[in-house]
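Only one structure is covered here, and it is reproduced in the block below.
The values are calculated or read from the model by the stated rules, or taken from the named source; none is laboratory data. Quick caveat, the model's predicted, so the values are computed rather than measured. Here the Cβ positions follow ideal geometry from the backbone for every residue, glycine too, while neighbour counts run over all protein chains shown.
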Amino acid sequence: MLELLLCSLVTIFPDYLYRRYRQGKRVGHEITLYSVWFELRFGIIACLMLTVSLITMIFYYHPSTSSATLFYRTIPIVPEITGRVAEVGLDVSAPVKKGDVLFRLDSAKQEASLLTARRKIAEIDAAMLAAQADIMKAEGQLQEAKGALQQATDELDTKRELQKRNPGIVPQRDIEKLEVAAAGRQGSLDAATASKQSVTTRLSALLPAEKASAEAALAEAQVDLDKTVIRAGVDGRVEQFALKPGDIVNPMIRSAGVLIPEAAGRRTLMAGFGQIEAQVMKVGMVAEATCISKPWTVIPMVVTNVQDYIAAGQFRGGEQLVEAQQVLRPGTILVFMEPIYKGGLEGVTPGSSCIANAYTSNHELISSGEIGSFKSFGLHVVDAVGLVHAMLLRIQALLLPIKTLVLSGH
């Protein structure tokens, strides 16, 4: 209607003024319904054509949408393990800080595993002390074997020397016995050396490896125990938290509640614009929005991101082919907008529905001097008609509470 009134000011209205005051025709006499159509038919047709062109230009270069929402992210409260609730620290709805305990699960099994891991480490520490004692024992046995071998070797050498100087003075049988004894004591020395090496290896390699494995098992048991305590990951507010002690929670079935981050939905407005406006929407465009939860307020905004794909066309790979006719509604271009001024979204409730306009600006292209006069004039017209859409948005902002409270059936 506003576009029609504007177009009539440059078509029908001047023609009417000319015929009424220049030609002296009177309303109800020379100016009737028939004469108006007959005499002003060219002006009426031009007005309608200009109105359609103006509306098309406004809605294409300065797109508008009522599908704008302050979406916010929610975090499901889900434990990593299945268990029985032992303690609940919150009510159905409550504010929380990062690290606050939400609820605890029964941890008897995890505590037993942790105690077993700790005792395994203590057992290995005791085994290390025993291994050190075994090393000292092996060293004593090694020294004893060395002494016995030295004694047998010295006695054998003496007997051989006597036999060499005075053959027959030492029976051959005694020398053979001494040789056998020396060989046996050499074997005892080798066995003592191997025993010491075995105990040393056990102390330096085997037991440390076992202790490292036990410490890893202790850390794993501690992690499992920590999983029984469910904490808030961020500052925010817990909603729909209806757990009671004794309930069984399973992460595969359902969440225990919802955690809403503190700053969720207070930064970015997401709006869906028509597909035909995909070539117009650009990052950096100036925009405006008005929301139901904050009536009679127009919030200056700027486009910060334009999603370069349409969600309606997505599909999951499966056993059936995609049928194009299943997409009944055309998707929209998702646009992210942020307030130009700090605190612009204060007072707007997260999740609130809004109406948003985006405005095309060709000021830089016009100022560059790279285009001709005719095109420059056309771009000036495109930028100027954005004022009409801005006026419409303010009318919508004014009528939105009345439409919601009075005309919607309240």
inquiry  = Against the definition (at pLDDT 75 or above, not in a helix (DSSP H, G or I) and not hydrophobic (A, V, I, L, M, F, W, C)), how does Ser66 come out, yes or no?
reply    = yes
ask   = Could you say whether any residue in the stretch 242-255 is under 30 Å from Gln110 (Cβ atoms), touching a strand residue (DSSP E or B) at 6+ places or on another chain (Cβ under 7 Å) and crowded, with 18+ Cβ neighbours inside 10 Å?
value = yes
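Okay, residues lined up against (1) crowded, with 16+ Cβ neighbours inside 10 Å; (2) over 27 Å from the mean Cα position of the chain (by Cα); (3) within 23 Å of Ser93 (Cα to Cα):
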{"position": "Ser204", "(1), (2), (3)": "no, yes, no"}
{"position": "Ala217", "(1), (2), (3)": "yes, yes, no"}
{"position": "Gly233", "(1), (2), (3)": "no, no, yes"}
{"position": "Met270", "(1), (2), (3)": "yes, no, no"}
{"position": "Thr290", "(1), (2), (3)": "yes, yes, no"}
message = Of the conditions (1) closer than 30 Å to Ser204 by Cα; (2) at pLDDT below 70, Glu144 satisfies every one except a single condition; which number is it?
response = (2)
message = Name the single residue that is nearest to Gln275 (Cα to Cα) among those in the stretch 295-349 being over 23 Å from the mean Cα position of the chain (by Cα) and of a type in the set (S, T, N, Q).
response = Thr332
query = Looking only at the stretch 193-231, which residues are β-branched (Val, Ile, Thr) and part of a helix (DSSP H, G or I)?
reply = Thr193, Val199, Thr200, Thr201, Val223
query = Any chance the stretch 263-273 includes a residue that's aromatic (Phe, Trp, Tyr) and part of a loop (DSSP other than H, G, I, E, B)?
reply = no
note = Condition set surrounded by 12 or more Cβ atoms within 10 Å (Cβ to Cβ), within 42 Å of the chain's Cα centre (by Cα) and free of Cβ contacts under 8 Å to residues at least 60 places away in the same chain, scope the stretch 361-382, selection nearest to Val286 (Cα to Cα): answer is Asn362
inquiry  = One residue is enough: does the stretch 314-333 have a residue meeting the conditions in contact (Cβ under 8 Å) with a residue 60 or more places away in the chain, more than 18 Å from Arg266 (Cβ to Cβ), not in a loop (DSSP other than H, G, I, E, B) and not charged (D, E, K, R)?
reply    = yes
